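A short worksheet on the structure shown next.
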Amino acid sequence: MNGRLVLHVDIDTFFCQVEQNRDPSLKGQPIAIQQHQDIIAVSYEARKAGVRKHMRPVEARKVLQAVGGHLVHVYMAEGARVSYEPYREVSRRFIKALRQFDSIAIVEKASIDEAYLLYLPHGPQSTAPVDIAAGAQLAARIKASVLKELGLVVSVGVARNKVLAKLASEASKPNGLLSVDGRQAVEALLGRMPAARLPRCGGVVAETLRAAGVETVADLQAWSVTQLHQALGFKPAVAAQLHDWARGICHEPVIEKGPAKTISVQMTLTPVQLAMHPSLSHTTSAAGGQAGVFEPLPIDSPDLKVRLRRLLTAMGCDLLNRVLNDKEEESRSQPAPHSQQEALAS
């Protein structure tokens, strides 16, 4: 495995940077990005002020106004519908910029704002070791190139596998570069890292680990595969994966993904609780929460029909745009000459 390196390149606060490039007056300002009744992205300046993802927009606006910041709604296309087209266009340009480096054998797009790169400077057949310093130098060039060409700040992690590269890029944020190589460096990276920071360890997995008293990666390292399977109920494959990842071990290849087999769109709507009349405030919930009610929307309500039409139109147009854009992108891409290199290098 010493004949390869993996780089994880992640755009810092992606949606915020796209909006700041669209409106340069927002650069350096505390901003948060709103979509419907949810906050989906928060700049580092806004985080310092106390704004968090998934806050109610009305609360985020108050915090931002107090520090001279701005609440920015995601791009709205014609017909007052949400569209991710500007963000997908930036993502396409980002991936294209990463493909320009000759020493990168494979670019695996992980999401709209991140990618894994397979670095094989000596070719797929070579067993010659790759110096971690060479990977760090390439990472610095990538950071400078993306900033110059796209005006985007990225963080990069350099390691021997995908998990460590991703954790390294996260640990280096914002605008960082972190190389991890050797047992001591791996232990220093994992250290007191929350177990939930490991890839795919959110949701039910995180809740299960937390209920068992597993808070950090160090806690997780104390559990065997058998214990994770039998005591916590994880499937054998998941238990083995958690066991390995907690030790910085990952055998997943970097792959050049082809066209998506399925495409879907989804929308999360955050419930908005309305204030109750003071005379009814004694009906506070048993959990001790703030008294409130949710606005009913009868099935035959004209307002409900308008809202549903707006949401479904936006989602339908978004889905159509994704299909057309993916088709166009696939038609432009050249057959990957190194599609088998990961397997050979492994």
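What follows draws every value from the coordinates through simple rules; no lab data is involved. All values derive from a computational prediction rather than experimental measurement. Glycine also receives a Cβ, built like all others from the backbone with ideal geometry; neighbour counts cover every protein chain displayed.
A few remarks follow.
- Those trypsin sites (Lys or Arg not before Pro) in the stretch 195-257 that DSSP places in a loop and that have at most 12 other beta carbons within 10 Å: R200, K257
- Relative exposure of S43, S25, judged by other C-beta atoms within 10 Å (fewest first): S25, S43
- The GluC sites (Glu not before Pro) of the stretch 1-59 include none that meets both criteria, a DSSP state outside H, G, I, E and B (loop) and at most 15 other C-beta atoms within 10 angstrom of the site's C-beta.
- Listed peptides 63-72, 237-246 appear in the order 237-246, 63-72 once ranked by packing, highest mean of other Cβ atoms within 10 Å at the front.
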